[in-house]
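Just below is one structure, and these are the notes that go with it.
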Amino acid sequence: MPKVAAEKKETYRRVPGWMYCIIVLCMLPGLCFPWAVSLMEDPNPIVRGLTWFYPAYVLLSGVLAWQCYGRRTAMTWIVLVLLILSHAGFYILTFASPN
């Protein structure tokens, strides 16, 4: 059994420090949450509800990107690209004029 455990341990790669920095940088726009709520122009309750769930999505995306790095590095990059695209969509959703 110890040989199997050693082989299994080798298949997981540790997340390097530079990847932690990239994950945190990709999550930083999610920290604008209080500012986004105060400046929101859309009175639609659905948009306001999505705004309240957005920080949870950002946090979960960062955790999933961190978890995926050990086995599926490509999946980490996909999650981070989707997170960045969601930041752009969130910005348009909350700050675009309703006209």
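The values are calculated or read from the model by the stated rules, or taken from the named source; none is laboratory data. Quantities reported herein were computed from a predicted structural model and do not represent experimental measurements. Using ideal geometry, Cβ is built from the backbone for each residue, glycine included, and neighbour counts are taken over all protein chains shown. Heavy atoms of the whole protein, side chains included, go into the accessibility calculation; ligands, DNA and RNA do not. Shrake-Rupley method; radii C 1.70, N 1.55, O 1.52, S 1.80 Å.
Separation between the ARG71 and ARG14 pseudo-spin-labels, each 7 Å from Cα along Cα→Cβ, expressed in nm?
In this crude spin-label approximation the distance works out to 2.1 nm.
Using only the heavy atoms of the protein chains and a 1.4 Å probe, how would MET27, MET75, MET19 rank by accessible area, largest first?
MET75, MET27, MET19
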